[in-house]
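Have a look at the structure below, then the notes.
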């Protein structure tokens with residue numbers, strides 16, 4: 001699987017941008033800060049996931065004063081040409097299709113385009129709250145385990161419906177509302193259990209790979225811990241029943257997959273509160289490298305790698321260690337400064353304000 005070309009219209013600050021990518025090497029996008037380099041990577045990732053890796057709402061993705069953003073990518077999968085298209089409306093529902101067939105769920109894109117994103121914001125997986133770590137797990141599952149990704153989508157949908165019901169009952173549960181809540185609890189228990197079991201299997205597989213990558217980044221073997229912690233005990237359906245009165249009073253779902261935590265430790269201490277910034281950044285990179293490695297092993301080919309100005313935040317040692325941990329494959333890299341010498345650019349584009357790009361070089 002590789003990306004052949006990308007066309008972006010009215011996305012973020014990009015008016016009209018088209019690039020062609022090297023099928024196996026690294027395509028480098030250079031330019032000043034604010035020119036739109038990150039937006040180009042964000043558009044690429046959107047075509048694989050139908051969401052922003054920066055966590056932005058869809059209305060923020062449409063260029064100012066435009067009604068819609070249009071994204072189009074050509075990919076090759078086992079010699080077969082595929083076209084992915086997406087329309088994001090400033091007001092209204094976004095749409096996507098592959099070879100003119102409507103995409104109804106994110107997992108429908110799994111066989112057309114898969115990506116791994118590295119960005120300076122990755123440190124949030126370690127430094128920020130549990131939601132960022134759950135998002136990391138679910139985004140990794142979307143690449144390596146499509147069935148689990150479907151469970152994540154179903155769980156998210158059920159949680160929205162359950163939350164709306166709890167908000168509307170006003171702390172008093174009528175018989176009709178209780179019956180409806182029974183339905184949502186059963187559906188949440190079914191999809192939520194599948195999702196959490198998949199998350200736990202993923203964490204088990206990530207542990208040795210994360211430790212290996214962290215040791216290379218840090219320059220020494222280190223005890224790195226990843227532990228998935230559920231927000232309930234026993235069967236989820238029983239736990240939902242036991243928490244119902246509290247949920248109704250508070251108007252929220254107080255337990256479930258959306259309340260779970262991924263605990264990260266370095267030498268037995270919580271990395272969020274006890275690790276240095278350098279240690280936190282190394283752990284964040286190690287987690288992403290482990291997920292990328294696992295995806296490559298599972299799928300037999302590496303996902304398209306999106307590197308968003310990551311080397312500006314890394315010292316030379318970590319930059320070399322990051323590159324050494326990546327399997328061969330296609331990459332799209334943005335940088336406002338010279339990339340490390342180890343980066344061999346197959347194609348180079350220079351981006352100016354508004355997303356105008358010009359081919360400026362390349363090598364082998």
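The values are calculated or read from the model by the stated rules, or taken from the named source; none is laboratory data. Computed from a prediction, not measured in an experiment: that's the story for all the values here. Positions of Cβ are generated from backbone atoms using ideal geometry, with glycine treated the same way; all protein chains shown enter the neighbour counts.
The set of residues in the range 84-104 that are more than 17 Å from residue 114 (Cα to Cα), outside any strand (DSSP E or B) and more than 19 Å from the chain's Cα centre (by Cα) comprises 90, 91, 92, 93, 100. Within the set 95, 104, the sole residue that is modelled with pLDDT under 90 and surrounded by fewer than 18 Cβ atoms within 10 Å (Cβ to Cβ) turns out to be 104.
Residues in the range 10-33 that are under 19 Å from residue 87 (Cβ atoms) and surrounded by 19 or more Cβ atoms within 10 Å (Cβ to Cβ): how many? Steps first, answer last, please.
Restricting attention to the range 10-33, the residues satisfying the condition of being under 19 Å from residue 87 (Cβ atoms) are 10-18.
Subset that is surrounded by 19 or more Cβ atoms within 10 Å (Cβ to Cβ): 10-12, 14, 17.
Qualifying residue count for the region: 5.
Collect the residues in the range 62-83 that are in a strand (DSSP E or B) and closer than 21 Å to residue 1 by Cβ, keeping them in residue-number order. Can you show your working first?
Filtering the range 62-83 for residues in a strand (DSSP E or B) gives 62, 68-77, 80-83.
If the condition is that a residue be in a strand (DSSP E or B) and closer than 21 Å to residue 1 by Cβ, then 71, 72, 73, 74, 75, 76, 77, 80, 81, 82, 83 are the ones that fit.
Considering only residues that are outside any loop (DSSP other than H, G, I, E, B) and under 14 Å from the mean Cα position of the chain (by Cα), look in the range 291-315 and name the one that is farthest from residue 326 (Cα to Cα). Going through the qualifying residues, I end up with 308.
Is it fair to say residue 132 is buried (at least 16 other Cβ atoms within 10 Å of the Cβ) and free of Cβ contacts under 8 Å to residues at least 40 places away in the same chain? Steps first, please.
Details: buried (at least 16 other Cβ atoms within 10 Å of the Cβ): yes; free of Cβ contacts under 8 Å to residues at least 40 places away in the same chain: yes.
When the stated conditions are applied, residue 132 passes them.
Screening 24, 42, 59 for residues that are in a helix (DSSP H, G or I) and either farther than 27 Å from residue 323 by Cβ or at pLDDT below 95 (or both) leaves exactly one candidate, 59. Taking the listed residues 178, 211, 189, 198, the one that is in a helix (DSSP H, G or I) and in contact with a strand residue (DSSP E or B) (Cβ under 8 Å, 6 or more places away or on another chain) is 211, with no other qualifying.
Quick one: is residue 125 under 21 Å from residue 108 (Cα atoms), touching a strand residue (DSSP E or B) at 6+ places or on another chain (Cβ under 9 Å) and crowded, with 18+ Cβ neighbours inside 10 Å? Explain how you work it out, then say what you get.
On the way: under 21 Å from residue 108 (Cα atoms): no; touching a strand residue (DSSP E or B) at 6+ places or on another chain (Cβ under 9 Å): yes; crowded, with 18+ Cβ neighbours inside 10 Å: yes.
Here the answer is no, as residue 125 does not meet what is asked.
Among the residues of this structure, residue 172 does not count as one that is out of contact with any strand residue (DSSP E or B) (no Cβ under 6 Å at 6 or more places or on another chain), surrounded by fewer than 16 Cβ atoms within 10 Å (Cβ to Cβ) and in a helix (DSSP H, G or I).
Residue check: is residue 324 buried (at least 18 other Cβ atoms within 10 Å of the Cβ) and either within 26 Å of the chain's Cα centre (by Cα) or over 11 Å from residue 25 (Cα atoms) (or both)? Answer is no for this residue.
Comparison of 340, 316, 270 shows that the only residue that is surrounded by fewer than 18 Cβ atoms within 10 Å (Cβ to Cβ), free of Cβ contacts under 8 Å to residues at least 60 places away in the same chain and touching a strand residue (DSSP E or B) at 6+ places or on another chain (Cβ under 8 Å) is 270.
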